[in-house]
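The values are calculated or read from the model by the stated rules, or taken from the named source; none is laboratory data. Since this is a predicted model, take the numbers as computed values, not measurements. All Cβ positions, even for glycine, are placed from backbone atoms using ideal geometry, and neighbour counts span all protein chains on display. These area figures cover heavy atoms from the full protein model, side chains too; ligands, DNA and RNA do not enter into them. Shrake-Rupley method; radii C 1.70, N 1.55, O 1.52, S 1.80 Å.
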Amino acid sequence: PHPLIFDYGTEVARGFWEIVPAALMVVLLLAATVVGVWRRHWAGFAGAWFFLILAPTTSVAPTNQTAAEHRMYLPLAAVLVLLVMGGYAGWRRLKEKMARGGRHRALTGWILPVLMVAILLLGLGGQSLRRNRDYQSEYLIWQDTVLKRPTNARAHINLGLVFLQKGQVDEAMIHCQKALKIKPDYGLAHNNLGLAYLQKGQVDAAMVHLLKALELQPNSMAHDNLSVAFLKKGQADVALLHSQRAVELDPFNADSHYNLGNALIQMRQVNEAIVHYQEALHLKPNYNRAHSNLAAALLLSGRVDGALVHFELAIKSDPMEMGALNNLAWILATNLESSQRNGARALELAHRASQLSGGNHPIVLHTLAAAYAECGRFAEAEDATERALVLANAQGNTVLADAIRNARSLYQAGKPL
């Protein structure tokens, strides 16, 4: 077909006469194939090859695609064989005819075949290279699909998801909304639009779409995302119910166990949370957020050695994980066990966390000050403390502000935290 489209969508014919031309062509080709096979003609074999390979994906077998270009890749091998054999036969006849007349032997012997092959290679090769460029990234293939099939709701959803993963939330919302305009009862579109609202911090708007997604498709993903939303609203008890249901529906989903761990932490059920963080890591060993949260949970339960291991693993998995960098730096700068302190390493980690935060996160600056103090650089510790105190006061975080003041008193006395 032209143009080639990665996903043609789920549009179906709405009337009998829409399918007659294509159906008639298929029936004629199928009839010709049957006759060819009956007469044991080589063309009948090629036709049978085409239809038998195509049959499993174009039959009564369930599928969520009414059309797909990739279904034609293997069946078209039979058509290519026919074209090659036909071209070869035509060339031989032309060669014999011109040889009888004693004309242009070189032309028919090799010049014409080489020229035809070169034209085909350049033409088809150029088209293949052009199409391959669309497959270089998820963004390009879904952008191409949306341009060619603007009424394909699934294409809009997938392009929106690409934008969402890149942090381009407004663009993601545009495509989610287009998908819902095309298909108002599309559960995945409601789900992804809800996630977009969550990223923008609009929790109430997110809840509307996430609850609708759950109504339309009551699956593990819907419960997971609602768990995240309820945690953001401070309703940990409701979040716990949704995350537990998500694990029941899909016990092998690492994200579900991770979200359940987060809900349990908020409910102060630390040991139970540790179990689910560990299960998330069992299912997905390089899950950096699970490493980071497991480390924090282990720290809460007094298992400092285990916390150090998992903070290191979180940073190894994602060197840009600011929370893990900050928490590990804090442990290395302030641990009561002097054997577990490492001022130089703490300072390195705290500097990286501060750079990632843009230097305006009071908790990270508080950690940076503690690391400076552990290294004996008290003037720099006081400077970081003053900046942290200004930010904490601006946020109205009185608990953090009091902790920073207490630390400042120690640094002024030349003592680490």
Inset, instruction - Pull up the range 277-323, narrow it to residues that are among the charged types (D, E, K, R) and not in a loop (DSSP other than H, G, I, E, B), then point me to the one that is nearest to G261 (Cα to Cα). - result: E279
Inset, instruction - Kindly indicate the residue of the range 9-44 that is in contact with a Ser or Thr (Cβ under 9 Å, 6 or more places away or on another chain) and more than 24 Å from N152 (Cα to Cα) and also modelled with the highest pLDDT among those meeting that condition. - result: G44
Inset, instruction - Search the range 321-342 for residues that are among the hydrophobic types (A, V, I, L, M, F, W, C) and pair each with any residue that is part of a helix (DSSP H, G or I) and surrounded by fewer than 16 Cβ atoms within 10 Å (Cβ to Cβ) when their beta-carbon atoms are under 6 Å apart and the residues are at least 6 apart or on different chains. - result: L332/R345
Legend entry - W49 vs. criteria surrounded by 15 or more Cβ atoms within 10 Å (Cβ to Cβ) and either modelled with pLDDT of 85 or more or within 30 Å of Q143 (Cβ to Cβ) (or both): yes
Inset, instruction - Please work out which residue is most open to solvent (accessible area, probe 1.4 Å), limiting yourself to the range 112-134 and to residues that are free of Cβ contacts under 8 Å to residues at least 12 places away in the same chain and either aromatic (F, W, Y) or under 29 Å from K166 (Cα atoms) (or both). - result: R130
Legend entry - Positions within the range 136-162 being open to solvent by 20 Å² or more (accessible area, probe 1.4 Å) and more than 17 Å from L4 (Cα to Cα), in sequence order: N158, L161
Inset, instruction - Can you give me the number of residues within the range 230-253 that are open to solvent by less than 10 Å² (accessible area, probe 1.4 Å) and more than 16 Å from V208 (Cα to Cα)? - result: 2
Inset, instruction - Report, by residue number, each residue of the range 196-237 that is closer than 18 Å to E248 by Cβ and either basic (K, R) or more than 22 Å from the chain's Cα centre (by Cα) (or both). - result: F230, D237
Inset, instruction - Quick one: S227 ticks every box in (1) closer than 28 Å to T151 by Cβ; (2) open to solvent by less than 10 Å² (accessible area, probe 1.4 Å) except a single one, so which number is it? - result: (1)
Inset, instruction - Would you confirm whether any residue within the range 372-387 is over 21 Å from A344 (Cα atoms), part of a helix (DSSP H, G or I) and under 38 Å from the mean Cα position of the chain (by Cα)? - result: yes
Inset, instruction - Select the helices (runs of 4 or more DSSP H) contained entirely in the range 170-258, then report the ones holding at least 2 residues which are of a type in the set (S, T, N, Q) and under 24 Å from Q278 (Cβ atoms). - result: 220-232, 236-249
Legend entry - Whichever residue in the range 388-415 is surrounded by 15 or more Cβ atoms within 10 Å (Cβ to Cβ) and in contact (Cβ under 8 Å) with a residue 40 or more places away in the chain and, among such residues, is farthest from the chain's Cα centre (by Cα): Y411
Legend entry - Filter result for G36 (over 30 Å from Y139 (Cβ atoms), open to solvent by less than 80 Å² (accessible area, probe 1.4 Å) and among the small types (G, A, S)): yes
